[in-house]
Every structure is written in structure tokens, then in C-alpha cells.
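Engineer: Below is a structure I'd like to ask you about.
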Amino acid sequence: MDSIHLSPRLAAVASFVPKGARLADIGSDHAYLPANLLINNKISFAIAGEVAKGPYENAQHEIVRRALTIQLEARLANGLAAIKDEDHIDTVTIAGMGGVLITDILEAGFSRAKRFETLILQPNTDEHIVRTWLNNHQYKINDEVIEQEDNHFYEIMIATKGTQSLSSLDKKFGPVLRKRKTSVFVAKWQKELDRIDTIFENLEFAGKADSPIYQDWKNKYQQIQEVIK
């Protein structure tokens, strides 16, 4: 992967970025995403934010390599602190982090009155935590996709300012994803069913088939079956 050829996961994130956006890519690493969008004339300006020196230097190298120094700037900063008011950023992407870390970044920015028109988020874990944060902070999920790379599944969501009332099912499975039920979505949750089957076997072997925890897992299993059928 490089800034010319994005992975399916980052390509899906890129597809959600509005035309002409002024973008901040937080946790940008090599700055592949903003560089790709600029090379393809999809955005007008971008910040590549990184909290660690190594990834920050990787981003700087890519910016120079692609001759993007006027339109793309790497900044060493923690989360949304990479963004200055004069940047006039309207779109933020955060991809490849755990859901808890993503919401921590958003919450820290929110507490400093940093609120942006469009958020494009790709958590590696705890997607329900991200959706709950969006729901509680007046952001509406407009679209979602799910991509598979090898044995990993990645959910990408785009949210804009607005109100939305998500159900518990929406938060867990995605308000858009659970309605579309694509083959990749079904594959992800079938993998989870397989994992729970192993948990059942272990609990039964331990003589805990009648325990509350067994029933809890059974309820989760039945819920997933209902959603993907």
C-alpha cells in the first residue's frame, strides 16, 4: 500500500470524504490517505496529525515525495490538537484505532469546542462505543460500509452534525449495516457465532451449562442469529 494504491479499508474511508473538503487525518502515519485524496484532486487542503515522532516523520517523507508541501502539512500533536482554527477544517478522518481511543480523541476535542461538520471513523474494535458517542454528541450516522482484509473486518462510518436516536441494535450492528446485510457483514457476525460456539463448549466442559453466564452468551448468540438471518 502507498498513497497511490490504498488498501480496501482506507479506500472505503477515502470514498466518504466530501469533494473539496479541508481535511484533518488524525493518526495519519504515512499520510497515505490525505496524499491520495490530494493527488486525485478530491480535497483542497489537509493536515496529517500524528502523536508519535516516527509516524510523523513518515508523513513528512511522503508529503515531500509526492510534492504536496503546499496543500498537505504534517503536525506532531495529540489528537485534534493538530488542528488550528485558521485551517478551517470541515472534515476529520480517524482510522485504524480502537473505538475507545477514537472516542477519547473526539471527547478531548469536543471539550475544547472542536466540532467539525463531517466525521469519518474506522474503529478496529468497540464500534458500538463510537456509535454511542456520536449519538450522544449530536452527530448523525449517514452511511456505513464494512470491508474485509484477510481475516479482519473493518467498519467505516460517516457522520455529520445532526440528531439521531440509535437503538441498542443500531449501536451494536450499525444502523445502516444491519439493514443492508452484505455478505461481508454476515461473514463478520458468523465468525462471532463460531467464537461463541467455542465458549459454549468450554462452559459445558466446565459444568456451567446452567449458569447465568452461559445464558448471557446464549442471548447474544440468538440476537446475532436474528440480525443476520
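The values are calculated or read from the model by the stated rules, or taken from the named source; none is laboratory data. In this text the structure is predicted, and so the values were computed from the model without any measurement. Glycine also receives a Cβ, built like all others from the backbone with ideal geometry; neighbour counts cover every protein chain displayed. Accessible surface is based on the protein model in full, side chains and every heavy atom, while ligands, DNA and RNA are left aside. Shrake-Rupley method; radii C 1.70, N 1.55, O 1.52, S 1.80 Å.
Listed here are the residues, each with its yes/no results for (1) more than 19 Å from the chain's Cα centre (by Cα); (2) of a type outside the set (D, E, K, R).
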position: ARG22; (1), (2): no, no
position: PRO34; (1), (2): no, yes
position: ILE39; (1), (2): yes, yes
position: VAL64; (1), (2): yes, yes
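Engineer: Yes or no: region 112-119 includes at least one residue that is aromatic (Phe, Trp, Tyr) and open to solvent by 50 Å² or more (accessible area, probe 1.4 Å).
Structural biologist: The answer is no, given that none of the residues of region 112-119 is aromatic (Phe, Trp, Tyr) and open to solvent by 50 Å² or more (accessible area, probe 1.4 Å).
Engineer: Among the residues of region 173-188, count how many are farther than 16 Å from PRO123 by Cα and part of a helix (DSSP H, G or I).
Structural biologist: 7
For (1) touching an Asp or Glu at 6+ places or on another chain (Cβ under 7 Å); (2) farther than 13 Å from GLY27 by Cα; (3) surrounded by fewer than 19 Cβ atoms within 10 Å (Cβ to Cβ), each residue gets a yes or a no:
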{"residue": "ILE47", "(1), (2), (3)": "yes, no, no"}
{"residue": "GLY54", "(1), (2), (3)": "no, no, yes"}
{"residue": "ILE63", "(1), (2), (3)": "no, yes, no"}
{"residue": "THR69", "(1), (2), (3)": "no, yes, yes"}
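Engineer: Mind listing just one residue for me: the one in region 84-103 that is farther than 25 Å from GLU149 by Cβ and surrounded by fewer than 21 Cβ atoms within 10 Å (Cβ to Cβ) and, of those, farthest from the chain's Cα centre (by Cα)?
Structural biologist: Checked region 84-103; the qualifying residue farthest from the chain's Cα centre (by Cα) is GLU86.
Engineer: Separate question: Given the condition part of a helix (DSSP H, G or I), open to solvent by 30 Å² or more (accessible area, probe 1.4 Å) and either more than 17 Å from LEU119 (Cβ to Cβ) or free of Cβ contacts under 8 Å to residues at least 24 places away in the same chain (or both), answer yes or no: does some residue in region 142-156 qualify?
Structural biologist: From region 142-156, those part of a helix (DSSP H, G or I) are none; that's our starting set.
Checked region 142-156: no residue is part of a helix (DSSP H, G or I), open to solvent by 30 Å² or more (accessible area, probe 1.4 Å) and either more than 17 Å from LEU119 (Cβ to Cβ) or free of Cβ contacts under 8 Å to residues at least 24 places away in the same chain (or both).
Listed here are the residues, each with its yes/no results for (1) at pLDDT below 95; (2) touching a helix residue (DSSP H, G or I) at 6+ places or on another chain (Cβ under 7 Å); (3) open to solvent by 50 Å² or more (accessible area, probe 1.4 Å); (4) of a type outside the set (Ser, Thr, Tyr).
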position: THR132; (1), (2), (3), (4): no, yes, no, no
position: LYS172; (1), (2), (3), (4): no, yes, yes, yes
position: SER183; (1), (2), (3), (4): no, no, yes, no
position: VAL186; (1), (2), (3), (4): no, yes, no, yes
position: GLU201; (1), (2), (3), (4): no, no, yes, yes
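Yes or no, residue by residue, for (1) among the aliphatic types (A, V, I, L, M); (2) touching a residue at least 24 places away in the same chain (Cβ under 8 Å); (3) closer than 22 Å to VAL130 by Cβ:
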{"position": "PRO8", "(1), (2), (3)": "no, yes, yes"}
{"position": "ALA24", "(1), (2), (3)": "yes, yes, yes"}
{"position": "VAL51", "(1), (2), (3)": "yes, yes, yes"}
{"position": "LEU80", "(1), (2), (3)": "yes, yes, yes"}
{"position": "LYS84", "(1), (2), (3)": "no, no, no"}
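Engineer: Which of the following residues is touching a helix residue (DSSP H, G or I) at 6+ places or on another chain (Cβ under 6 Å), of a type in the set (D, E, K, R) and farther than 22 Å from THR103 by Cβ: LYS208, LYS191?
Structural biologist: Only one candidate passes the filter, namely LYS208.
Engineer: Further, regarding this structure: On the basis of being open to solvent by less than 50 Å² (accessible area, probe 1.4 Å) and over 30 Å from ASN142 (Cα atoms), does LEU177 make the cut? Explain how you work it out, then say what you get.
Structural biologist: Working: open to solvent by less than 50 Å² (accessible area, probe 1.4 Å): yes; over 30 Å from ASN142 (Cα atoms): no.
No; evaluated as a whole, the condition is false for this residue.
Engineer: Somewhere in region 164-177, is a residue without any contact (Cβ under 8 Å) to a residue 12 or more places away in the chain and under 30 Å from THR93 (Cβ atoms)?
Structural biologist: Checked region 164-177: at least one residue is without any contact (Cβ under 8 Å) to a residue 12 or more places away in the chain and under 30 Å from THR93 (Cβ atoms).
Engineer: Further, regarding this structure: So which pairs qualify, if the first residue must be in region 206-229 and open to solvent by less than 70 Å² (accessible area, probe 1.4 Å), the second must be aromatic (Phe, Trp, Tyr), the Cβ gap must be under 7 Å, and the two must be at least 6 apart or on different chains?
Structural biologist: TRP217/PHE200; ILE224/TRP189; VAL227/PHE173; VAL227/TRP189; ILE228/TRP189
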